[in-house]
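Since the structure comes first, as structure tokens, the remarks are kept for the end.
The values are calculated or read from the model by the stated rules, or taken from the named source; none is laboratory data. What you see is a predicted model, and the numbers here were worked out from it, not measured in a lab. Every residue, glycine as well, gets a Cβ built from its backbone with ideal geometry; the counts of neighbours run over all protein chains shown. Just so you know, the surface numbers come from the protein's heavy atoms only, side chains and all, with ligands and any DNA or RNA stripped out. Shrake-Rupley method; radii C 1.70, N 1.55, O 1.52, S 1.80 Å.
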Amino acid sequence: MTPRCCILAVSAALCILLFLCSRGAPVSPTGTHLMLCQPHERCGDKFYDPLQHCCYDDAVVPLGRTRKCGNCTFRVCFEQCCPWSVKRTQESFVVKVKGQDCHLGPSSDDSVCRSVS
């Protein structure tokens, strides 16, 4: 191979490498179209990105969505509101991490909430 051909081959290889490694503007799907290489979950008949939303009560909601649990507030994507009955005159609730059993008593990580009159 002549030096001229080597220079041409190396230049072509560098151009191809730069083209493959370039970071152009990302292409985002619009509307109901979803690219298959993106992470996705299903909520009812809708798909959503689990890095931005979650499925709560059969609806797609943002990760920061909150709800009241007695006098406390809980994050619906990460926590759950559990009724907690102890022999009290006022109903109580416990906010637990999603997936924990609501029938277990409150732990040090849980928030105990009281009913709002």
What distance in nm separates the simple spin-label points at His40 and Arg75, each placed 7 Å from Cα in the Cβ direction? 2.6
Quick tally, 1.4 Å probe accessible area for Tyr48, Tyr56, sorted with the most first, runs Tyr56, Tyr48
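Please give the peptides 77-83, 102-108 ranked by average Cβ packing (other Cβ atoms within 10 Å per residue), highest first, as a rough proxy for protection.
Numbers: 77-83: 17.1, 102-108: 10.0.
Output ranking for 77-83, 102-108: 77-83, 102-108.
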